[in-house]
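Chemist: Pasting a structure below so you can have a look.
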Ligand SMILES: Cc1cc2nc3c(=O)[nH]c(=O)nc-3n(C[C@H](O)[C@H](O)[C@H](O)COP(=O)(O)O)c2cc1C
């Protein structure tokens, strides 16, 4: 059996990966589609019980991104202000800018099984797929934020993707861009293994 990656490299990749909330400017550092496909290829090799392959992906293009920006901004602004106020307009405009500045957006959905056990296992499989995606992205110097924000639950998003909530649940918006040097180092910590581990004789 070949050993394509050293355990040290793998360990470093897993430990170095961080959620990124800010990205290098997309005009200066455009992301080639091939890189997204590399990450999606990694995603689809995730473990999944009974080979249900429950993941679905949408790469969001410019028009769809503009529509999602509106949904994102409206949800965000409504959390803090009434629609008729100046504050709403201010928050809305800022949020649209923020969303449009995200270089690439991919939505991830889970095809919903009628069987409750499979449903749970399929969510786990989708989570594995997203982690595969994130690790491949990191190895390509891309940073990802896995968001579970309100756009995923918004009926307008479902309509835009032409999906129905009884068949597919959107479980992640992946915001992607080239990493900035200061990418979320504050989250680079975990409790010690001993705090999670019990060894039985
Ligand atoms: C299921 C799941 C949902 C998440 N949803 C969000 C989210 O909605 N917004 C967000 O900023 N980060 C979200 N994250 C990212 C986590 O906040 C992040 O992984 C955590 O802060 C640890 O940081 P790290 O990824 O850099 O290790 C999510 C992560 C997971 C696994």
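Chemist: Is one or more of the residues making up the range 92-102 surrounded by 20 or more Cβ atoms within 10 Å (Cβ to Cβ) and in contact with a strand residue (DSSP E or B) (Cβ under 7 Å, 6 or more places away or on another chain)?
Modeler: Yes - at least one qualifying residue is present in the range 92-102.
Chemist: Output yes when any residue across the range 71-78 is touching a helix residue (DSSP H, G or I) at 6+ places or on another chain (Cβ under 7 Å), surrounded by fewer than 16 Cβ atoms within 10 Å (Cβ to Cβ), farther than 28 Å from residue 35 by Cα and free of Cβ contacts under 8 Å to residues at least 12 places away in the same chain, and no when none is.
Modeler: There is no residue in the range 71-78 that is touching a helix residue (DSSP H, G or I) at 6+ places or on another chain (Cβ under 7 Å), surrounded by fewer than 16 Cβ atoms within 10 Å (Cβ to Cβ), farther than 28 Å from residue 35 by Cα and free of Cβ contacts under 8 Å to residues at least 12 places away in the same chain.
Chemist: Can you tell me which of 102, 130 is within 30 Å of residue 5 (Cα to Cα) and either part of a helix (DSSP H, G or I) or at pLDDT 95 or above (or both)?
Modeler: On the way: 102 fails: within 30 Å of residue 5 (Cα to Cα).
Checking each option against the conditions leaves just 130.
Chemist: Can you tell me which residue is surrounded by the fewest Cβ atoms within 10 Å (Cβ to Cβ) among those in the range 161-172 that are in a loop (DSSP other than H, G, I, E, B) and touching a residue at least 24 places away in the same chain (Cβ under 8 Å)? So that I can check it myself, show each step before the final result.
Modeler: From the range 161-172, those in a loop (DSSP other than H, G, I, E, B) are 162-167; that's our starting set.
Filter once more, keeping what is touching a residue at least 24 places away in the same chain (Cβ under 8 Å): 163, 166-167.
On the way: 163: 18, 166: 8, 167: 11.
Looking at the filtered set, the residue picked out is 166.
Chemist: Residues that are more than 23 Å from residue 34 (Cβ to Cβ) and within 12 Å of the ligand (Cβ to nearest atom): does the range 113-125 have at least one?
Modeler: Of the residues in the range 113-125, the ones more than 23 Å from residue 34 (Cβ to Cβ) are 113-125.
With the extra rule that they be within 12 Å of the ligand (Cβ to nearest atom), the set shrinks to 123-124.
Within the range 113-125, one or more residues are more than 23 Å from residue 34 (Cβ to Cβ) and within 12 Å of the ligand (Cβ to nearest atom).
Chemist: I would also like to ask the following. If you scan the range 173-201, which residues turn out to be assigned to a loop (DSSP other than H, G, I, E, B) and over 30 Å from residue 71 (Cβ atoms)?
Modeler: We begin by selecting, within the range 173-201, every residue assigned to a loop (DSSP other than H, G, I, E, B); these are 180-184, 188-192, 196-201.
Listed by number, the residues that qualify are 181, 188, 189, 190, 191, 192, 196, 197, 198, 199, 200, 201.
Chemist: Which members of the range 14-53 meet the condition of being part of a helix (DSSP H, G or I), within 16 Å of the ligand (Cβ to nearest atom) and within 20 Å of residue 175 (Cβ to Cβ)?
Modeler: Pass one, the range 14-53, residues part of a helix (DSSP H, G or I): 14-16, 33-44, 49-51.
When the remaining residues are screened for being within 16 Å of the ligand (Cβ to nearest atom), the result is 14-16, 39, 43.
The answer is 16, 39, 43.
Chemist: The conditions are (1) over 27 Å from residue 63 (Cα atoms); (2) more than 14 Å from the ligand (Cβ to nearest atom), and residue 182 fails exactly one of them. Which is it?
Modeler: So the condition that residue 182 fails would be (2).
Chemist: Please work out which residue is farthest from the chain's Cα centre (by Cα), limiting yourself to the range 53-70 and to residues that are surrounded by fewer than 17 Cβ atoms within 10 Å (Cβ to Cβ) and within 18 Å of residue 132 (Cβ to Cβ).
Modeler: Among them, the one singled out is 53.
Chemist: Can you name the residue in the range 141-151 that is in contact (Cβ under 8 Å) with a residue 40 or more places away in the chain and surrounded by 17 or more Cβ atoms within 10 Å (Cβ to Cβ) and, of all such residues, is farthest from the ligand (Cβ to nearest atom)? Full working, then the answer.
Modeler: Pass one, the range 141-151, residues in contact (Cβ under 8 Å) with a residue 40 or more places away in the chain: 142-146, 149-151.
Checking the rest, the ones that are also surrounded by 17 or more Cβ atoms within 10 Å (Cβ to Cβ) come to 142-145, 151.
Values: 142: 14, 143: 9, 144: 9, 145: 6, 151: 10 Å.
Only one residue tops the list, namely 142.
Chemist: Something else: Determine if the range 129-138 includes at least one residue that is more than 15 Å from the chain's Cα centre (by Cα) and either within 18 Å of residue 71 (Cα to Cα) or away from the ligand (no atom under 14 Å from the Cβ) (or both). Reasoning before the result, please.
Modeler: Taking the range 129-138 and keeping what is more than 15 Å from the chain's Cα centre (by Cα), we get none.
No; the residues of the range 129-138 include none that is more than 15 Å from the chain's Cα centre (by Cα) and either within 18 Å of residue 71 (Cα to Cα) or away from the ligand (no atom under 14 Å from the Cβ) (or both).
The values are calculated or read from the model by the stated rules, or taken from the named source; none is laboratory data. If you're wondering where the values come from, they're calculated on a predicted model, not measured in any experiment. Note that each Cβ is placed from the backbone with ideal geometry, even for glycine, and that neighbours are counted across all protein chains shown.
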